[in-house]
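Here is the structure we will look at.
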Amino acid sequence: MELSEEEKKELLLGLFREWWLAATQTLVDQLGSSKALQLLAPGFRHHGRAGYKILAKSLGREEDDIGSIALFECFAKTMMSGTPAYVEHREDGVIWKIEGCRTGGVCREACLSYCYNSGIGILENCSQDMEYSIHESLSQGDRRCLASIEKEGHGLPSGRVIRSYTPETSPIDEHEWDFWSKAGMGEVWAITTRAVVEGLGSEEAMLALRPHMQKSGISLGNRMKEDLAERGAEDHAFKAIAIIQGCFGMEGEWATSGTSGEIFTCPFSGGSIEMCRQFETFMSGLCSAIDPSSKFAYDRMMTKGDKTCHWTIRKKGEPAKEKPKEEGASDDPIKMLTTMYIKGEITEEELEKKVAHLRKLGLVR
């Protein structure tokens, strides 16, 4: 099973979109709509503001320019929706329309966070008195999404169309479009993960997020299993791992046995440990769908401070084989529990519950 570069991109963006929606809905379910939107707003406003500045600079465009904003909106809304956005730069503002958004409007808070709060962030680069308005949205029961950047109090722009943008007419070349799409959707998921952790705390956040990531991995694993079997591929789980890691731009070495590997370069290395733990759960679900007796797990993570990430596939219940440490035994309870987890003596769920209990007792910070 080999994927084209276009298939890899679509798989990656689709997973990021799915995880973003699931994480947003988790936050809403746990804390309610108002609190969820409050936690998500700062990250998405920064996303819009910073993303626009970066892209405008890379294209040599003026930041304080409505035409530049129209160009960026075409890219940003196409990236998010997975379907072409149609944008008009008019004399009195900007209008954008999307038909068939792949989010399906299933989570109102996700739509407001990305479409509205990111838009507010973009306008922070503009010196004109403009406001951002959502007129129609799938999340409100409308048949399409329609929004505008308009002069305050003037309503939907109706002036002469200066220029229209679609992905086909955008001056952003294909290479830049693909690069910024992957980076942008990854950041959307990262922002939402940070908001869930801020609202729930790390342990509770992972307990809430894990079922969604497990389900996501199992769903993709079932689809890949059928395709790999039809193509006569061997070592299905290992092959699936290699495909997914390739989609995410992870680079490293794989053991000839097909049961472990080391990652030297990873897009999550500068992110939060909760992102890696979600990805681990996703990969575990994927592997278990392909081979129900197998379990995917990391025993080293760069987000934990390790120099590289190291993963293994082993039979469920089989202890992990770790190289002995040179350091002497530690009486630090966190290190002791971590060692027990690495050795396979306790599960990830048990580790999180024990650490949470120690913190509740005030034995660790």
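The values are calculated or read from the model by the stated rules, or taken from the named source; none is laboratory data. Everything numeric in this text was worked out from a predicted model, so none of it was measured. Glycine also receives a Cβ, built like all others from the backbone with ideal geometry; neighbour counts cover every protein chain displayed.
Take the conditions under 16 Å from Glu109 (Cα atoms) and β-branched (Val, Ile, Thr) and apply them to Thr24. Does it pass?
It is true that Thr24 is under 16 Å from Glu109 (Cα atoms) and β-branched (Val, Ile, Thr).
Tally the residues that are surrounded by fewer than 21 Cβ atoms within 10 Å (Cβ to Cβ), under 16 Å from the mean Cα position of the chain (by Cα) and either at pLDDT below 95 or closer than 12 Å to Ser288 by Cβ (or both), restricting the search to the stretch 206-226.
Residues flagged as surrounded by fewer than 21 Cβ atoms within 10 Å (Cβ to Cβ), under 16 Å from the mean Cα position of the chain (by Cα) and either at pLDDT below 95 or closer than 12 Å to Ser288 by Cβ (or both) within the stretch 206-226 amount to 2.
Only one residue in Cys126, Cys107, Cys111 is within 21 Å of Pro42 (Cβ to Cβ), modelled with pLDDT under 95, surrounded by 14 or more Cβ atoms within 10 Å (Cβ to Cβ) and assigned by TED's automatic domain parsing to the domain that holds Gly82. Which one?
Criteria check complete, one pass: Cys126.
Quick check on Glu150: is it in the same structural domain as Leu40 (by TED's automatic domain parsing), touching a residue at least 60 places away in the same chain (Cβ under 8 Å), crowded, with 17+ Cβ neighbours inside 10 Å and acidic (Asp, Glu)?
Answer is no for this residue.
Conditions tested, residue by residue: (1) out of contact with any Cys (no Cβ under 9 Å at 6 or more places or on another chain); (2) assigned to a helix (DSSP H, G or I); (3) not β-branched (Val, Ile, Thr).
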| residue | (1), (2), (3) |
| --- | --- |
| Leu37 | yes, yes, yes |
| Ala41 | yes, yes, yes |
| Gly51 | yes, yes, yes |
| Ile69 | no, yes, no |
| Val87 | no, no, no |
